[in-house]
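Single-structure report; data block below.
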Amino acid sequence: MSQQTMSQETAVLKGLLRRLVVDEAYEEARAVGSRLVELVPDDGEVWYLCGRVKARLGELGDAVECLGRALDIAGPMLPIAVEMVYIDGAKGDLPGAIDWCKRGLELDPTNPDLHRELARLHAFRGDTDEAVRVLEICLRMPGLEPEDVKAAREELVQILMRLRRFDDALIYLRMIAEADDADDSVWTNIGHCLSRKGRTKEALEAFERAVKIRPDGHNHYNLGDAYLAEGEPDKAVEPLKEAIRIDPDHALARYDLGLAYYELGRFEEAVAESRAAIAADPDLLTSELNLGLSAMTTMGLGSGSLWATASKNPGSASHCIIVWAGYSAAPWFSSIISRAKIALTGGLAPFSSR
């Protein structure tokens, strides 16, 4: 093969490799990359692209080797640093990923994506204060695009909410809403922060706004849940029913609807919704407690479910409340006192209804 023909083939294959990587056609890209490293073994870009392909295929050791070759040939390059962040993160090597993030920022100190990734890595590692500091630095950088500002603020909000710094989170959420008040997730997070601050009426307004923007099951559930928190189970019923209409397997919406029915004295409906919540999510312990309590109030139906659930957490606050409140309304109250006392000390005796 002549030098000219080889050069033409190389140019065609490199263009094809770039396109396949962009299209995420990694199996085909691997074959093209293998041919290219034979043709141009000293091309740093080819080794970098091969490393990226192997990383996406889960061949992390080979990916590191390819990227090492690229680094030896081309020297420090931002794409290599970014790819190594991905690989070390996939391997669970958070210190390594953090180190590569910092090396990437040495090459491009104003890269907002790397700042956000570094903050996420610090947060995953448990160093949330450092994560906050990195994002605050990012937000002070001049010339940020509006979408980068929003993304950094959203990342900061998530960390602040995990830290239960709801007042600080609300500051950034208000900033996001000022720039884009048509994002339902912003109003949802505002509602959650206000709810945790005990400002339930304001939280309701935020959840209502989220529903108006995007009337999906998740937002209807949040609105119904907020009405329950405000002590208005009658108003909670309709949004919760709408959430279930949209998503019949929404276990939390069914759980809340069962609770609303119970508080309204609609015990048969409460039993039905609690059963449906358990069917949607068998691990939803609180729904079984609701089922037991509702059934007890309707003449003892489902007492076995109640005791089976309570036995998972003997002596817990929920268990004791169910024992005392549920059975105090039941016709066999006098016969259950001894078992209630056992429950309070963490033990359970077998029980069958009536």
- Message: Sort Met141, Met84 by Cβ crowding within 10 Å, fewest neighbours at the top.
- Response: Met141, Met84
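Highest first, please rank the peptides 148-156, 59-67 by the mean number of other Cβ atoms sitting within 10 Å of their residues.
Numbers: 148-156: 20.0, 59-67: 18.2.
Averaged packing, sorted descending, gives the order 148-156, 59-67.
What does the net charge come to around Leu144 if you take all other residues with beta carbon closer than 11 Å to its beta carbon, with K and R at +1 and D and E at -1? Write out the running numbers ahead of the final one.
Values: positive: Arg140, Lys150, Arg153; negative: Glu145, Glu147, Asp148.
So the environment of Leu144 carries a net charge of 0.
How would the stretch 76-167 be classified by its alpha-carbon gyration tensor: rounded, prolate or oblate, with rounded meaning a/c under 1.5 and the a/b versus b/c comparison settling the rest?
On the way: a/c = 2.31, a/b = 1.24, b/c = 1.86.
In terms of gyration-tensor shape, oblate.
Give the relative contact order (percent, whole number) for the stretch 1-137; include only Cα pairs under 8 Å separated by 6+ residues.
Working: 145 pairs, mean separation 18.3, N = 137.
13 percent.
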- With each pseudo-label sitting 7 Å past Cα toward Cβ, what's the Glu263-Asp249 distance in nm, one decimal? 2.8
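I need the calculated FRET efficiency for the pair Ser7 and Glu106, taking r as the beta carbon distance and R₀ as 41 Å, to the nearest 0.05.
0.75
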- Radius 11 Å from Cβ of Pro79, net charge of other residues (Lys, Arg +1; Asp, Glu -1): -2
- Message: Between Arg164 and Arg214, what's the calculated FRET efficiency when r is the beta-carbon distance and R0 is 22 Å? Round to 0.05.
- Response: 0.25
- Kindly flag which residue pairs out of Lys102/Lys197; Lys197/Lys235; Lys14/Lys102; Lys54/Lys150; Lys201/Lys241 have an alpha-carbon separation exceeding 26 Å in this structure. Lys102/Lys197; Lys14/Lys102; Lys54/Lys150
- Label-point separation (nm) for Leu94 and Asp181, each offset 7 Å from Cα along Cα-to-Cβ? 3.9
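Assuming R0 = 30 Å, what is the FRET efficiency of Asp281 and Glu202, from their Cβ-Cβ distance, to the nearest 0.05? Provide the component values of the computation, followed by the final result.
On the way: r = 30 Å, r/R0 = 1.00.
Efficiency at R0 = 30 Å is approximately 0.50.
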- Message: So for the stretch 103-148, averaging the separation of alpha carbon pairs under 8 Å that are six or more residues apart and normalising by length, what relative contact order in percent results?
- Response: 36
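Bear in mind that the values in this text are calculations on the coordinates, not laboratory data. Fair warning: this is a prediction, and the values are worked out from it, not measured in the lab. All Cβ positions, glycine included, derive from the backbone under ideal geometry; neighbour counts span all protein chains shown.
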